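The values are calculated or read from the model by the stated rules, or taken from the named source; none is laboratory data. Quantities reported herein were computed from a predicted structural model and do not represent experimental measurements. So basically every Cβ, Gly included, is an ideal-geometry build from the backbone, and we count neighbours across all protein chains shown.
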Amino acid sequence: MAMAVACSFLLLVLPVALAAAQPMQSFSASDTAWSPTETNRTLVSNNGDFAAGFLPSSSSSSSSSGGKYRFAVWVNASDSRTVIWYAHDSTSYTAVEADRNSSLAIDAAGKLSWTVAGTNTTLLLWPSNSTTMTLNDSGSLVHGAWSSFREPTDTLMPLQSIPGANTTTLQSQNGRFNLVNSLTLQHGDSMYANITAALRNLTPDGTLQLSGVSPLIASDKGSTRLRRLTLDDDGNLRLYSLQPRTRQWRVVWQLVQELCTIRGACRGAATICVPEGADSTTCVCPPGYRQQPRGIDAGCAPKKKYSGNGKDDKFVRMDFVAFSGGADTAALDPGKYMSKLSPQNLADCENKCRDNAGCVAFGYKFGGDRTCLHYTRLVDGYWSPATEMSTYLRVVASDKDTNNFTGMTSMIDTVCPVRLALPVPPKQGRTTIRNIAIITALFAVELLAGVLSFWAFLRKYSQYREMARTLGLEYLPAGGPRRFSYAELKAATKDFSDAVGRGAYGTVYRGELPDRRAVAVKQLHGVGGGEAEFWAEVTIIARMHHLNLVRMWGFCADKEQRMLVYEYVPNGSLDKYLFAGGTSAESGDGDKKKPLLDLHTRYRIALGVARAIAYLHEECLEWVLHCDIKPENILLEDDFCPKVSDFGLSKLTSKKEKVTMSRIRGTRGYMAPEWVIHREPITAKADVYSFGMVLLEIVSGRRNYGFRQDSVGSEDWYFPKWAFEKVYVERRIDDIIDPRIVQAEAYEDDDASVATVERMVKTAMWCLQDRADMRPSMGKVAKMLEGTVEITEPVKPTIFCVQDD
């Protein structure tokens, strides 16, 4: 108390000018008016994480005499000073801005007003019976009964109350996108994305609570970090987490995965949004069009005009391209510039568009439902394989522009010519019969050779076509993974000199592309009979977009060379951190000791892997089985975020079919019983069994097959049985935890740690049931680990192991 009194006394005797230049804990009626030119005068929360004050407007400069300012709250703990609220009109959400002659003040009656000097103009008025304004540790600006949390702009903070129904919850700072009723993302009056259910709350641990359904969870859920939910200027709703060491924001969840499907991503007419990687887009003009003089935002216009009578035009096919027509194309509702027809076939759809002089393009869906869309104006164009539609653009017949929107089907539609050559006529003097016989024989031989060649071509063509259909190559987009040449990858890897790993199918080398991206190049050996595995991995990973799946940037199919180019994951595979020793000669670590993973990090790794496998099993258009889940195929980023890799053994099939394998796939110790005893067909439950074994290894830090005779001394030892007895019979939870964690000084044997281990072991026991129908799906496994579903007591796993040869 004495210290507080002393501090108050010192503050009272400081000069007013010095007080204005220092951070304030509160702003009251006794303080001088607050001018935008006082850039060092800020209102700071007690924890120092947030600050409030005047900031220069993004559209002007504070150094110029005509500069505009806005009053805002920002995150003081981040290097970028991210704005989370700004003073605005509560009806239009427009930011309130004023010049340097304005000031903020609180009068004796408790009214907080922002006025312009000399004009008696009041920009904003917050009437209250309080003479003090403060900034809470949550980031809320409070003046009496008024709070900034009640009038959000583009950002929601943890535990911030959300406006009620029939309201605009958030609006992007550029004013182009809105989150309406805490549920729908809109561009103007057009909806382009929905949350599963209405948003109710954002918790500090990274959970988006929804109305009546399961919550949405951030990838780093559980970490004690500052978080914010922001509607960005590109129209995507993202959850950010502030990294303590770098003081930078990281995206841990986002609503829209394909940015080009956001309505209004490209402003100009006739422009097409094309993705550039996973985090950026670009706007291009279609064939036969060019940019307007004012740039891409002004749109694209035809290079040449056609008459419209159907005699001097043609249609250019653009695969996976669609236009909204000013309405919700996903629901196929007629829009302002689009109409839906029911033609007999593609030719009928084209003829009806050609007969209409105002039809500039038509879209056709090759799905058997004869969906035909006619466009009178091209609005909100975007490229996405999910459209399942091709757009036919009407241009002049003389147009020669290159079309970049073609699938791989155009690469297969080729014809192998057969050259026929007649023999030199025989010398004169031969008999007529001999001449006829020779000519007839030669003609028959040439005809037979031509027929055989054409038959061989058709047979080979049908084989490639069936393989393309089976693997989905005919739908692999032109904007997909890049195809590298052997020379490019040889230069990138410095003649394949830096090997970072070896496996059954090849060697992985570290490399660097000309644009300075670090890559991992997997060089496959003896593809010959494994050609299908190579194309399976290219096709499967090209379609996968998940935080916990390794990303493929390209491939090489140059003569006999088969290589895959992945993103480089610097921390290597999980096995280097789990098992005793922690070093790897193959990875080039030498004797460098790997850091010890604590229980929380191991839990995050297990949850990330479970979500990735559940995505492969349940969220893809086709059923993807990994078939070789083990610690060596789980890679770790700098923050130990897991990424599942190595799809060389994957199986791709219809979700309604059972899988039949011509040979056993996987790794000893992780294979489900049905692989060996052939008692049941192989389904997704084989991956569930492998994940359960990996989950036990993550908890215990022990190989499931490496120490059974040394540590136990019995040939009947079975890893899951041993874990079950330690947890449920002997009740010795510490015996199953990695001894290195228990011996660490930072280890705390608290209730939370015990509950986490029990949940992980219970989940593993259910995954390791010998009967496939008793194992849960990977989606339920992920929920069991999250703790969102109740886990019943598991049955003790039956002894099963693959003996060494």
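Here's the yes/no breakdown for (1) in contact with a strand residue (DSSP E or B) (Cβ under 9 Å, 6 or more places away or on another chain); (2) under 30 Å from Val699 (Cα atoms); (3) outside any loop (DSSP other than H, G, I, E, B); (4) at pLDDT 85 or above:
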{"residue": "Ala557", "(1), (2), (3), (4)": "yes, no, yes, no"}
{"residue": "Leu564", "(1), (2), (3), (4)": "yes, no, yes, yes"}
{"residue": "Val569", "(1), (2), (3), (4)": "yes, yes, no, yes"}
{"residue": "Ser587", "(1), (2), (3), (4)": "yes, yes, no, no"}
{"residue": "Gly590", "(1), (2), (3), (4)": "no, yes, no, no"}
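For segment 102-128, filtered to residues that are among the hydrophobic types (A, V, I, L, M, F, W, C) and in contact with a Phe, Trp or Tyr (Cβ under 6 Å, 6 or more places away or on another chain), the residue that is farthest from Ser30 (Cα to Cα) is Leu123. Taken over segment 295-349, residues that are more than 29 Å from Asn194 (Cβ to Cβ), at pLDDT 80 or above and of a type in the set (A, V, I, L, M) amount to 4.
Taking every residue in segment 175-188 that is closer than 17 Å to Cys266 by Cβ and pairing it with any residue that is surrounded by 18 or more Cβ atoms within 10 Å (Cβ to Cβ) and among the basic types (Lys, Arg), at least 6 positions away or on another chain, the pairs with Cβ-Cβ distances below 6 Å are His187/Arg263.
Counting only residues that are among the acidic types (Asp, Glu) and touching a Ser or Thr at 6+ places or on another chain (Cβ under 6 Å), segment 95-134 holds 1 of them. Beta carbons closer than 7 Å, at least 6 apart along the sequence or on distinct chains, pair a first residue in segment 343-364 that is closer than 23 Å to Tyr289 by Cβ and in contact (Cβ under 8 Å) with a residue 24 or more places away in the chain with a second that is surrounded by fewer than 17 Cβ atoms within 10 Å (Cβ to Cβ) and of a type in the set (Lys, Arg) for Val360/Arg377. Do you know which of the residues in segment 497-523 that are farther than 15 Å from Pro570 by Cβ and not in a strand (DSSP E or B) is modelled with the lowest pLDDT? Once the filter is applied, the top-ranked residue is Ala504.
A single member of Trp722, Trp717 is outside any loop (DSSP other than H, G, I, E, B) and at pLDDT 60 or above, and it is Trp722.
Could you pull out the residue among Leu124, Leu159 that is at positive phi, modelled with pLDDT of 80 or more and of a type outside the set (Gly, Ala, Ser)?
Working: Leu124 fails: at positive phi.
Every option except Leu159 fails the conditions.
Filter segment 296-316 down to residues that are within 31 Å of the chain's Cα centre (by Cα) and either surrounded by 16 or more Cβ atoms within 10 Å (Cβ to Cβ) or free of Cβ contacts under 8 Å to residues at least 24 places away in the same chain (or both), then give me how many there are.
Taking segment 296-316 first, the residues within 31 Å of the chain's Cα centre (by Cα) are 296-300.
Filter once more, so that each one left must be either surrounded by 16 or more Cβ atoms within 10 Å (Cβ to Cβ) or free of Cβ contacts under 8 Å to residues at least 24 places away in the same chain (or both): 296, 299-300.
The total comes to 3.
Scan segment 57-68 and give yes if some residue there is surrounded by fewer than 19 Cβ atoms within 10 Å (Cβ to Cβ), part of a strand (DSSP E or B) and free of Cβ contacts under 8 Å to residues at least 60 places away in the same chain, otherwise no. No, there is no match, as no residue in segment 57-68 is surrounded by fewer than 19 Cβ atoms within 10 Å (Cβ to Cβ), part of a strand (DSSP E or B) and free of Cβ contacts under 8 Å to residues at least 60 places away in the same chain. In the set (1) assigned to a loop (DSSP other than H, G, I, E, B); (2) of a type in the set (Lys, Arg); (3) within 28 Å of Ala782 (Cβ to Cβ), Arg245 fails one condition alone, (3).
Scanning segment 482-496 for residues that are surrounded by 20 or more Cβ atoms within 10 Å (Cβ to Cβ) and in a loop (DSSP other than H, G, I, E, B), which turns out modelled with the highest pLDDT? Checking each candidate, the answer is Thr493.
Comparison of Gly212, Gly264, Gly222 shows that the only residue that is under 30 Å from Ser390 (Cβ atoms) and part of a loop (DSSP other than H, G, I, E, B) is Gly264. The number of residues in segment 267-289 being hydrophobic (A, V, I, L, M, F, W, C), out of contact with any Phe, Trp or Tyr (no Cβ under 8 Å at 6 or more places or on another chain) and part of a loop (DSSP other than H, G, I, E, B) comes to 3. Looking across segment 601-645 at every residue that is assigned to a strand (DSSP E or B) and more than 16 Å from Gly501 (Cβ to Cβ), the one that is modelled with the highest pLDDT is identified as Pro642.
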